[in-house]
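A.B. asks: Attaching a single structure in structure tokens format; questions to follow.
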Amino acid sequence: MSVGVCRLLKESDGEKIKYAHSSAVTAWTPINVSGLGVLIPTVSATAAEMAASPIMFYRKGTFMFAIQSAVTIAVKQVIYYDTATDKVTNVSSATTFLLGTSIEAGTATAGYVPVELLPYPFSAGSVSLEHLDSGIKPAYIDIAVGTISAGGTATTETKAVVGVLSTDQLFAEVRTIGGDTTVRILNRTASDGSISVTLSTPMGSGSPKIAYCVKRAAA
């Protein structure tokens, strides 16, 4: 495990993944991948080789790294990997990316410091339907929720709703405050950019509203 710029000290719960990076990688030299975080390849490979057969990368564990010149690192300090020098530092720059946390103190004179890789946090957009197991994947997702102010003599109420498609499902119910509680919904329709609800009779006065929810089949 001495190839590259780091050495594995402690494996944490077998946190490895198979992945095909878009550029060549060197064994035991960390990379930072958008959406995945820090990955450390276990073997060297070209992009073409990985496209044909993805390789194993560590995404969690404790590794020994060389310390940048003139840098002193304390215990439990945030550590950055410098791609220009292939060493670690405690200062962020244009050539660094966030690597993890130091387990021990170290200096450039001593040479090395153990670093625990930073677990990659979930960010907006990093969890999507295609990555969910079938047991927890919803059948439908909510597209729009709201109310339609109704009243007067109209039996069909229409509202523009951005993002709604004709293939969506519209659910609606009558909610009145002091109005006619005998009004029923006869039909409800979702169209591209709008929804409409047909009532049995006009709702009349009394601040009536129609509550609606537009749902779309999860893909």
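A.B. asks: Please list, ordered by first then second residue, the pairs with beta carbon atoms under 8 Å, 6 or more apart or interchain, first in segment 32-56 and part of a strand (DSSP E or B), second of a type in the set (Asp, Glu).
C.D. replies: The qualifying pairs are Ile55/Glu49.
A.B. asks: Grab the strands (runs of 3 or more DSSP E) fully contained in segment 162-206, keeping just those with 3 or more residues being modelled with pLDDT under 90. Full working, then the answer.
C.D. replies: Values: elements: 169-175, 185-191, 194-199.
So the answer is 169-175.
A.B. asks: Which of (1) at negative phi; (2) modelled with pLDDT of 90 or more does Ala110 not meet, given it meets every other one?
C.D. replies: Result: Ala110 passes all but (2).
A.B. asks: Given (1) at pLDDT 95 or above; (2) loosely packed, with under 15 Cβ neighbours inside 10 Å, identify the lone condition not met by Met50.
C.D. replies: Only one criterion is unmet by Met50, namely (2).
A.B. asks: Among the residues of segment 77-86, write down those that are out of contact with any Ser or Thr (no Cβ under 6 Å at 6 or more places or on another chain) and in a loop (DSSP other than H, G, I, E, B).
C.D. replies: Residues satisfying the conditions are Thr85, Asp86.
Quick grid of which residues meet (1) in the same structural domain as Gly111 (by TED's automatic domain parsing); (2) at pLDDT 95 or above; (3) loosely packed, with under 15 Cβ neighbours inside 10 Å:
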residue: Lys10; (1), (2), (3): yes, no, yes
residue: Gly14; (1), (2), (3): yes, no, yes
residue: Ala24; (1), (2), (3): yes, yes, yes
residue: Gly35; (1), (2), (3): yes, no, yes
residue: Tyr58; (1), (2), (3): yes, no, no
residue: Phe63; (1), (2), (3): yes, no, no
residue: Ala74; (1), (2), (3): yes, no, yes
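A.B. asks: Quick check, is Ala211 in a strand (DSSP E or B), at pLDDT below 90, assigned by TED's automatic domain parsing to the domain that holds Ala150 and under 33 Å from the mean Cα position of the chain (by Cα)?
C.D. replies: Numbers: in a strand (DSSP E or B): yes; at pLDDT below 90: yes; assigned by TED's automatic domain parsing to the domain that holds Ala150: yes; under 33 Å from the mean Cα position of the chain (by Cα): yes.
Judged against the criteria, Ala211 is a match.
A.B. asks: Filter segment 87-116 for residues that are in a loop (DSSP other than H, G, I, E, B) and within 23 Å of Glu15 (Cβ to Cβ) and give the result.
C.D. replies: The first filter runs over segment 87-116 and keeps only residues in a loop (DSSP other than H, G, I, E, B), leaving 90-95, 103-105, 108-111.
The answer is Ile103, Glu104.
The values are calculated or read from the model by the stated rules, or taken from the named source; none is laboratory data. These figures come from a predicted structure and were not determined experimentally. Note that each Cβ is placed from the backbone with ideal geometry, even for glycine, and that neighbours are counted across all protein chains shown.
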